[in-house]
Amino acid sequence: MAILDSQGRLFGKINLLDLGAVLVIVLVLIGIFLYPGTSGSVAQVNESTKPVEVDLVVRGLNIKDPEQLFTNGFTKGGKTNIVIRNQPHGNLEIKSIQELPRTILVAQPDGSLKEYTDPRPNQYSTDMLLTLKGKATIRPDGPVISNSKIKIGNPIELEGFNYNFNATVIDVRIIDGKV
């Protein structure tokens, strides 16, 4: 009895192509599960995780009653989910919320401008200054929260129980913990 018959079958029963495919699949599975590699790359050795504070400004948030936003979880000490470049990145603690006054510029007779509080009662637009805090990986090119760099000018989407709006990063501070 020959090892290979006229149809390319091993011992007349097993096709060599099928045997090769099964062997490749078994080797791939062994490579994935038995030899997964190192848990990090060499580039991550010098990285550290530190607390950071991120200041955000919200301009022109259209909302009828800002108080309803604050009564449903968007408060100091609460948490908000962040979305960066359409990718969810967990949540950060809300350290502070400051509503900014709505103002208008009024031309003066001498040609200068003065800023006054907007007297219009039906303003459904709110500006806020927020400070969020959390942990970030510190890399040579700046802090990173869940694989997204946090830099001044980055838009960040804030999402919670009854809100979903955009804000812009205006400051990033790394807290060293040194007194």
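The values are calculated or read from the model by the stated rules, or taken from the named source; none is laboratory data. Quantities reported herein were computed from a predicted structural model and do not represent experimental measurements. Note that we place each Cβ from the backbone using ideal geometry, even for glycine, and neighbour counts take in every protein chain shown. Side chains included, ligands, DNA and RNA excluded: accessible areas come from the protein's heavy atoms. Shrake-Rupley method; radii C 1.70, N 1.55, O 1.52, S 1.80 Å.
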Requested in this report: Return the calculated 222 nm mean residue ellipticity for the chain, to the nearest 500 deg cm²/dmol, obtained by summing -39500 (n - 2.57) across DSSP H runs with n ≥ 4 and dividing by the residue count.
Outcome: -4000 deg cm²/dmol
Query raised in the report: Build a GNM of the chain with springs between Cα atoms under 10 Å: which of LYS50, LYS114, LYS151 gets the top mean-square fluctuation?
Result: LYS114
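ILE175 to VAL57: FRET efficiency via 1/(1 + (r/R0)^6), r the Cβ-Cβ distance, R0 22 Å, to the nearest 0.05?
Working: r = 20 Å, r/R0 = 0.93.
Efficiency, rounded to the nearest 0.05: 0.60.
Could you look at the stretch 124-179 and say what percent of its accessible area is carbon and sulfur, using a 1.4 Å probe and all protein chains? Could the numbers behind the result be given before it?
On the way: 1650 of 3110 Å².
It is 53 percent, rounded to a whole number.
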Query raised in the report: Of ARG120, ARG139, ARG85, which has the largest mean-square fluctuation in a 10 Å C-alpha GNM of the chain?
Result: ARG120
Report summary line: Pairs over 19 Å Cα to Cα, from LYS50/LYS76; LYS79/LYS133; LYS95/LYS135, come to LYS50/LYS76
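Ignoring any ligand, DNA or RNA, what whole percent of the accessible area of the stretch 58-118 comes from carbon and sulfur when the probe is 1.4 angstrom? Before the final figure, lay out each step's value.
Working: 2010 of 4200 Å².
So the carbon and sulfur contribution to the accessible surface is 48 percent.
Mean separation of Cα pairs under 8 Å and 6+ residues apart, divided by the residue count of the chain: what relative contact order is that in percent?
Working: 291 pairs, mean separation 48.9, N = 179.
Once normalised by length, the contact order is 27 percent.
I'd like the FRET efficiency for ASP141 and LEU100, computed as 1/(1 + (r/R0)^6) with the beta carbon distance as r and R0 of 41 Å, rounded to 0.05. Each step should come with its number before you reach the end.
Values: r = 31 Å, r/R0 = 0.75.
My answer for the efficiency is 0.85.
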Query raised in the report: Which Cα, out of PHE33, ASN91, GLY142, lies furthest along the positive dipole direction of the chain (beta carbon charges, K/R +1, D/E -1)?
Result: PHE33
Requested in this report: Please calculate how many Å² of accessible area the stretch 29-179 carries per residue, with a 1.4 Å probe and no DNA, RNA or ligand atoms counted.
Outcome: 66
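By how many nm would the segment from ILE30 to ARG120 lengthen if fully extended, with 0.36 nm per residue of separation less the alpha-carbon distance?
Details: separation 90, 0.36 × 90 = 32.40 nm, distance 7.01 nm.
Contour length minus Cα-Cα distance gives 25.4 nm.
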Query raised in the report: Working out 0.36 nm times the residue gap between ILE152 and ASN164, then minus their Cα-Cα distance, what length gain in nm do you get to one decimal?
Result: 2.3 nm
